[in-house]
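This report concerns only the one structure given below.
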Amino acid sequence: MAMERWRPFWGLRRWLPARTLEEEMDEMLDRFERAFGMPMRRALVETRGWGPLVEMVDKKDEVLLKAELPGVKKEDIHVSVTGDLLSIEGERKQESEVKEEDYYCCERSYGKFYREIALPAGIDREKISSEYKDGILEIRMPKVEEVKPKEIEIKVK
């Protein structure tokens with residue numbers, strides 16, 4: 001990887017009105033990927049409706065995804081894998097009908113949700129499993145054997 005001198009992103013180009021926002025975003029993502037060596041486009045996700053908050057942890061043998069789904073019944077959650085995409089969808093139903101004038105404050109989201117997440121490289125799709133407990137959906141994605149890090153012993157002479 002070639003070293004590139006760090007430059008603040010705001011000083012690289014002047015604004016050109018003819019360029020589209022999509023072109024500007026692509027260029028910004030390219031610069032970020034080159035500077036930090038992180039593929040940003042694989043991390044992008046799609047959310048429709050409201051989306052559960054998630055965290056992904058890269059462990060030695062697996063990638064663990066936790067999604068917050070408080071108040072959602074297990075029967076109302078569906079997890080699937082299609083190609084390189086993991087989909088979490090379902091519905092949080094409102095507990096009771098409340099009239100507009102009865103609300104003091106409501107920050108909770110209700111209705112259908114859909115969250116699509118790009119799978120990390122090296123996941124064994126056939127062994128993905130999920131578990132739901134106390135409003136947290138855990139999805140375990142085991143890594144294939146050749147992707148697991150191998151410890152190399154250092155010999156002293």
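The values are calculated or read from the model by the stated rules, or taken from the named source; none is laboratory data. Predicted model, so just to flag it, every value in this text is computed and none were measured. For neighbour counting, all protein chains shown are included, and Cβ atoms are generated from backbone atoms with ideal geometry for every residue, glycine included.
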Select from segment 57-80 the residues that are in contact (Cβ under 8 Å) with a residue 60 or more places away in the chain and in a strand (DSSP E or B) and list them in ascending order.
Asp58, Glu62, Val63, Leu64, Leu65, Lys66, Ala67, Glu68, Ile77, Val79
Considering every residue within segment 139-148, establish whether at least one is part of a loop (DSSP other than H, G, I, E, B), modelled with pLDDT of 90 or more and farther than 30 Å from Glu27 by Cα.
no
Count of segment 45-96 residues which are surrounded by fewer than 13 Cβ atoms within 10 Å (Cβ to Cβ), among the hydrophobic types (A, V, I, L, M, F, W, C) and under 30 Å from Glu151 (Cβ atoms):
1
Quick one: how many residues across segment 56-80 are under 15 Å from the mean Cα position of the chain (by Cα) and under 15 Å from Lys143 (Cβ atoms)?
6
For segment 100-110: of the residues being closer than 25 Å to Lys73 by Cβ and either at pLDDT below 70 or not hydroxyl-bearing (Ser, Thr, Tyr) (or both), which is surrounded by the most Cβ atoms within 10 Å (Cβ to Cβ)?
Arg108
